[in-house]
Each structure stands twice: as C-alpha cells, then as structure tokens.
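Down below is the structure, laid out as structure tokens.
Read-outs: derived from the displayed coordinates by stated rules, not from any lab. Because the structure is a prediction, the values reported are computed rather than measured. A quick note on method: Cβ atoms are made from the backbone with ideal geometry, for glycine too, and the neighbour counts reach across all protein chains shown.
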Amino acid sequence: MRPKHARHFPWLLYLAPALLVYTVFMAFPLIDSLRLSLFSGNSQATRIFVGLDNFKRLFTDPEISTRYWGAFFNTWKFFFVHLIVQNGLGIFFAVLLTHETMKGRHIYQTIIFIPTTFAVLITGYLWKLMLNPVWAGDFLVSIGLPFLKHPYLGDTNTALWAVSLVSCWQWLGIPTMMFVAALRNISTELLEAARLEGAGNGKTFWYIKLPLIKPVVGIIAVLTFVNNFNAFDIVFAMENVNGAPEYSTDLIGTLFYRYGIAGQHPIGIPDAGLGAAIATITFLLLLVLVIPTLKNTQRSA
C-alpha cells in the first residue's frame, strides 16, 4: 500500500528520482563549494578555516586580482558578442524560417542546427586551422582576399572576438529553433488582422511578434548568460587554458580551472579554496542578474 503522502501527492513519485539526482550531483556540490571557499588546502587533512581570506586574496593580491578582473571583463565581452550576434541572428533566421512564403525551410533549419551537433574540441580545432594564416593564407590570396590574411588567434586585439564568433557559429542553432517554436505559436488571426490593417513585415514583427515572444527572449538571454559565464571548452580548444595570447582570451571558466583544478603556471599547485571563491562569486553574480531578468521578461507571459 502506498504511503498516505504519496496518495495525496502522486507527482512526488515522478519527481523524486530527478530531485535525488539533482540534489546529489548539483545542489550538494554547489553548497559544498560555498563551504570550501572558506578553507585553504587541497585535501581534507590539510584544510584550514580561513574565513573570507580567499575572497580577500582574489581582490587584493596584485597578480591574482589582475588575472581575475581581466577574465571578468573578457567574459562580459564574450557574453555580449553572443547576446548580440548569436541571439540577434537567431531571431533574424527564425523570422525568415517562419515566413509563409519561405520554401525549403526544413533544409535551412538543418543547416543552421548541424554545427550544434559537433563536439566543441572538433569545432575549435577545425576553426583553428582555418584561421591559421599559414594554412589559410594562400587560399585567401588565391581568391583575391589577401587583406583577410591575419593571425586572428595570435593577435591580442582579435583573439577574443574570433573565439566568440566561432562559438556563436556553433551554437546559433539552439536559439534559432527556440525562436522558431515561439513564433509558430503566435495566432495566425493576429497576423492576418495586422496584414488587413496594412502593417508591413517590420511593424508586424516589432509590435506583434516581438512582444509575444518576449518570455522566450528572456529565457534565451538567461541561458546565454549562464552558459557564457561558465564557458571553458571553446577557449581550451582554440587557444589554451592560459587564455593566450597574453591572457586576452582568458575567461572566468579558464581562470577557475587554472587556480582551482590544474594550478596556476608556473607553480602548478591547485588552490581549491581560491577556485571555490571564484565559483562562489560567479554563482552570486548569476543569481543577482538572472532572477530580475526572468521576472521582467516572464511578467507578460
């Protein structure tokens, strides 16, 4: 016989397995990282409670604070490129793909989504070859585009932008498909009424389509924000964990990896407490910015 609470709340039986997995693999590590940020040492035997000393070092130590603020601002640049280029193109392609006169939309949807299925390491390696001036330079010269021959990944002024655009290219398919789904849910009666009133495509999108998909825009913006502030693999694949050249592609994810897991070169000794402090600040930043964004964008849902 089922317990009394299970009879009153049958959904608990379906929620319990997922809740258990989430608690063990997500919630508990998150809470433990908050605790770990208050200790020094890398093993249970050598850990010493230091309070907020790890946070103090992160913001006052000349070398550590320089690396942290550099990675912090690079991550914001990385995010804004995705927000503007990736999500902007996602809306643009979604509007084209949902237009009633569009032919072959399934083919185009597949083409846009295919890069998403590639492994990040493969994507990074292929684009690293294509952006290499030695490998691609002769080809660019042969097609009359010698001015595009440039060491994009070796120039501190272009490396971060190149990595960001490659990441946008790979993940463009996800926001595009989400926007497509949102636009297809808009009532055709509203669009017909706008057309009868003489509204063109631009006004229909700006005054009808965009306000109605605002909740989806908010969700995609939040997902972009969270994913970009945890980005690591694309920089690792195209540059290295030191954010070469000269830390110009260093993100919070690579900084956390160096200090908390691999150890900052040349010492090479991980500092779990400092890494946990970086993760804690990132979590609090995400919490502070994500919740208002969700509230503002979901209010009209």
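Values computed for the structure shown
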item: Ranked by how many other beta carbons lie within 10 Å on average, peptides 168-178, 61-71, 143-153 from highest; result: 168-178, 61-71, 143-153
item: Order of I114, I91 - criterion: other Cβ atoms within 10 Å of each residue's Cβ, fewest first; result: I114, I91
item: 222 nm mean residue ellipticity, helices alone, for the chain (DSSP H n ≥ 4; -39,500 (n - 2.57); rounded to 500); result: -18500 deg cm²/dmol
item: Order by protection proxy (mean Cβ within 10 Å, highest first), peptides 192-203, 28-39; result: 28-39, 192-203
item: Rounded to whole Hz, the Karplus (6.51, -1.76, 1.60) HN-Hα couplings of segment 280-287, x for glycine and proline; result: 5, 4, 4, 4, 5, 5, 4, 5
item: Cα-based convex hull, the chain, per residue volume (Å³, whole number); result: 216 Å³
item: Ellipsoid equivalent to segment 161-255 - semi-axes via the Cα gyration tensor, in Å; result: 39, 12, 10
item: For segment 17-28, 3J(HN,Hα) per residue [Karplus equation, 6.51 cos²θ - 1.76 cosθ + 1.60, θ = phi - 60°, Hz, x = Gly/Pro]; result: x, 5, 5, 5, 4, 4, 5, 6, 9, 10, 5, 5
item: Packing rank of 72-81, 181-190, where each peptide gets the mean count of other beta carbons within 10 Å, highest leading; result: 72-81, 181-190
item: Distant-in-sequence amide H partners of F39 (H built 1.01 Å from N, under 5 Å); result: V50
